[in-house]
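Report on the following structure.
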Amino acid sequence: MNVLLKELPFILFYFNVCFCTERDNELKNEGIVDDKQLGYLPHGPLVKCSFLPEEFVDCDKPFDHKGNKTAKEETGKGCIKFGGSRYEDVERASVTCQVLPEIECFGPRVFKKDGVPCVKYKGHYFATTLIYSILLGFLGMDRFSLAQTGTAVGKLLTLGGVGIWWLVDVVLLVTGSLQPEDSSNWNPYV
C-alpha cells in the first residue's frame, strides 16, 4: 500500500500525458478544436465576443451621411437615410462594437458588427400620438406632437377641418401613413 501511494503521482502524470493528448488529437481531427482559432472550444465556457448579445457590448451609432452615396462608398459604413416603416425599407450598416469591461469572452474585444438597422428614435410615441389624435385632434395636437407645425396650425384654425381632417388623420395614423416629420421611427416602448 505504501508503494502504491509513492507511485500514485507518476501514475496520474502518465495517465494525463497519454490519454489527454490522445483525446486532444481526436478532438482536433473531429474539428471541435480549431488551430486557426488558437484553441477556441465551441462547447467551452467562453463565447466569441462577436456573438455576445447587445446588452454586453457598446456599439457606435450608425454614421449619418445625409444622402451622400459617395461618402458611404468611400468609408464603407454609415447610412444614407434613416428610418422606414417596413422591415424591407430600413437600410442596414456596419458599426464598431466594444465588449463592456468585466465581460469575459473569446477573441478580439473590439469588432465590426454588420446588419445594424439605420433607425433613430427622437421621443415620438405611437400610443401617445394616437390618443392626442383621438381626443385633441380637432385642435391639431397630433400634428404638433409630430413636429408638423404648418399643418397643425391649419388644423387648429379650422377646428380639424370641421371634423373631416380630424377623422382622416386618425385613419392615416392607424394605417401608418402619418409619421414624424424628422424621419425618426416610433419609440418601441412607452
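The values are calculated or read from the model by the stated rules, or taken from the named source; none is laboratory data. Just so you know, these numbers come straight off a predicted model, no measurement behind them. Here the Cβ is made from the backbone with ideal geometry for all residues, glycine too, and neighbour counts use every protein chain on show.
Values for this structure:
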item: Any hit, region 92-99, residues being surrounded by fewer than 16 Cβ atoms within 10 Å (Cβ to Cβ), free of Cβ contacts under 8 Å to residues at least 60 places away in the same chain and of a type outside the set (Ser, Thr, Tyr); result: yes
item: Qualifying residue in region 128-148 (condition: closer than 19 Å to residue 61 by Cα, exposed (fewer than 12 other Cβ atoms within 10 Å of the Cβ) and either without any contact (Cβ under 8 Å) to a residue 24 or more places away in the chain or of a type outside the set (Val, Ile, Thr) (or both)); result: no
item: Enumeration of residues in region 168-190 that are of a type in the set (A, V, I, L, M, F, W, C) and free of Cβ contacts under 8 Å to residues at least 12 places away in the same chain; result: 168, 171, 172
item: Restricting region 61-89 to residues that are in contact with a Gly (Cβ under 7 Å, 6 or more places away or on another chain) and closer than 23 Å to residue 50 by Cα, the residue that is surrounded by the fewest Cβ atoms within 10 Å (Cβ to Cβ); result: 63
item: Members of region 149-164 found to be in a helix (DSSP H, G or I) and touching a residue at least 12 places away in the same chain (Cβ under 8 Å), listed by number; result: 152, 153, 154, 155, 156, 159, 160
item: Positions within region 65-91 being of a type outside the set (Gly, Ala, Ser), free of Cβ contacts under 8 Å to residues at least 40 places away in the same chain and touching a strand residue (DSSP E or B) at 6+ places or on another chain (Cβ under 8 Å), in sequence order; result: 65, 72, 77, 79, 90, 91
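Yes or no, residue by residue, for (1) farther than 12 Å from residue 124 by Cα; (2) among the aromatic types (Phe, Trp, Tyr); (3) within 25 Å of the chain's Cα centre (by Cα); (4) at pLDDT 90 or above:
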residue: 137; (1), (2), (3), (4): yes, no, no, yes
residue: 148; (1), (2), (3), (4): yes, no, no, yes
residue: 153; (1), (2), (3), (4): yes, no, no, yes
residue: 156; (1), (2), (3), (4): yes, no, no, yes
residue: 171; (1), (2), (3), (4): yes, no, no, yes
residue: 176; (1), (2), (3), (4): yes, no, yes, no
residue: 179; (1), (2), (3), (4): no, no, yes, no
residue: 183; (1), (2), (3), (4): no, no, yes, no
residue: 187; (1), (2), (3), (4): no, no, yes, no
